[in-house]
1. Multiplying the sequence separation of LYS334 and ILE69 by 0.36 nm and subtracting their Cα-Cα distance, what value in nm do you get?
2. Can you give the direction-averaged projected area of the convex hull of the alpha-carbon atoms in the range 152-418, in nm²?
3. For the range 154-224 and the range 38-58, what is the centre-to-centre distance using only Cα atoms, to the nearest Å?
4. Listed highest first by mean packing, meaning other Cβ atoms within 10 Å per residue, what order do 119-130, 22-33 come in?
5. Quick one: give the max-minus-min coordinate of the C-alpha atoms of the range 1-60 along each principal axis, largest first, in Å.
6. Sorted by mean Cβ packing within 10 Å, highest first, what order do the peptides 325-334, 9-18 take?
7. For GLY211, which sequence-distant residues (separation of 5 or more, or a different chain) have an amide H within less than 5 Å of its own amide H, given hydrogens modelled in the peptide plane?
8. By what distance, in whole Å, do the Cα atoms of the range 24-171 stretch along each of the three principal axes, largest value first?
Amino acid sequence: VLKHLRHLNFTSNMGEQVDFDEFGDLVGNYSIINWHLSPEDGSVVFEEVGHYNVYAKKGERLFINENKILWSGFSKEVPFSNCSRDCLPGTRKGIIEGEPTCCFECVDCPDGEYSDETDASACDKCPEDYWSNENHTSCIPKQIEFLSWTEPFGIALTLFAVLGIFLTSFVLGVFTKFRNTPIVKATNRELSYLLLFSLLCCFSSSLFFIGEPQNWTCRLRQPAFGISFVLCISCILVKTNRVLLVFEAKIPTSLHRKWWGLNLQFLLVFLCTCVQIVICVIWLYTAPPSSYRNHELEDEIIFITCHEGSLMALGFLIGYTCLLAAICFFFAFKSRKLPENFNEAKFITFSMLIFFIVWISFIPAYASTYGKFVSAVEVIAILAASFGLLACIFFNKVYIILFKPSRNTIEEVRCSTAAHAFKVAARATLRRSNVSRKRSNSLGGSTGSTPSSSISSKSNHEDPFPLPASAERQRQQQRGCKQKVSFGSGTVTLSLSFEEPQKNAMANRNAKRRNSLEAQNSDDSLMRHRALLALQ
């Protein structure tokens, strides 16, 4: 039909010429009519409100006088001709079941998506590091969280770490200044220095867990923490084991002195620490930790954390530390009856209990937290364990050194050691007496006198080598010590006095002769050997 219309023209019944152009459109002029309602009788009135002139210039062909237009016959307001209103930015069009496609509902864009145009058919997803704003009209960068230096929690942990470093440095300074005093010497001075250095490393290692995690900090913080604590526990283990071996050994020989020497102690500490170093090297070589941006925990927050690489390696690191702590606890418990000046057992035992409580609590706390709180939990555990070791092992000694100098004397150390030796010898004497009495009773022999529950350290025999009067007065003026030793069902009162090695040579020779006569009991001699070795 279109082909024929292009060449068709005719005159209508009304005498008008009808033509079609090359596009098949009718060529002619049009009048635009608006239907009005008559105010008199409500009939329809045709009102011309414009025209369309085909022969006019382009842009001037259509003319409409909008002031004459009436909608619905009488209203000048353009009616809403769609089924649904337009959807604003931040929403999209949603299909209503059972309605035509022109009818729709406006649905808000979900979190993480946005729309920035009207009547959007779909919402666009934000990039990975961005999130939709409150109105869902655009995307904004996600919030980044880690244990920062500037937040209150990070500041508090940093202050506690600095406090620990300061206190440890103060204790190290006190031990260095009073290094020649008996208390410092009796606690194994060189190992104490190494122990304080390891505590400094422990407090310092906690600072690697604060701040934005980087690859190098993630790879450094766990080995630094693990090696520092193993070095610390190894020093405590060697100190406790050495004193225990001294007091429980047989007659000490030069071989014992060689094996209990300082070089071997440092060698044992080095070997224990080397095991932890090997664990860390294998961990860093096979599965090194790295910085990780976690988008999965919360949609609008990026948590920057350290991916440990291997939880099994972390378990070996902490497990080996706890194993050494358990061994140390065992030796400290065995050493609980040693002389007080040598016996750090109760303080070491308490510090190990704190250590176990902290790290046993750390495991469920570490597994149940996420984000920046994982680092915070580990920092708290490190600081708590470090403060426990520092306070339990060193604060009592610093208090004696600074505020009780009367107890920081060689006489106090000797009194304590001699009291322990006498206590052990008295127990052995009572045991032999009880055994002898039981044997005599079993053989039906005569019943002898039962051993007394109180044994005096003073000899019943007269001194065959009396001292000169002047030496006796000097000995009486010198400071002595008097201690009560309780055991079994009795109490032993021990009175001892000590003379300086530079005093009268004759007095020293007489004292040695008296000691040789008093050392008839082998147990007394054994304990004296042990005490002298411990003092050395």
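1. Value of the extension gain: 84.5 nm.
2. Mean projected area for the range 152-418: 15.4 nm², to one decimal.
3. Result: 97 Å between the Cα centres.
4. With the highest mean Cβ count within 10 Å placed first, the list reads 119-130, 22-33.
5. Computed over the Cα atoms, the extents are 49, 31, 20 Å.
6. 325-334, 9-18
7. LEU147, SER148, TRP149
8. 110, 40, 31
The values are calculated or read from the model by the stated rules, or taken from the named source; none is laboratory data. Not measured: the values here are computed from a predicted model. Note: ideal-geometry Cβ built from the backbone for every residue, glycine included; neighbour counts use all protein chains shown. Only protein heavy atoms, including side chains, enter the accessible area calculation; ligands, DNA and RNA are left aside. Shrake-Rupley method; radii C 1.70, N 1.55, O 1.52, S 1.80 Å.
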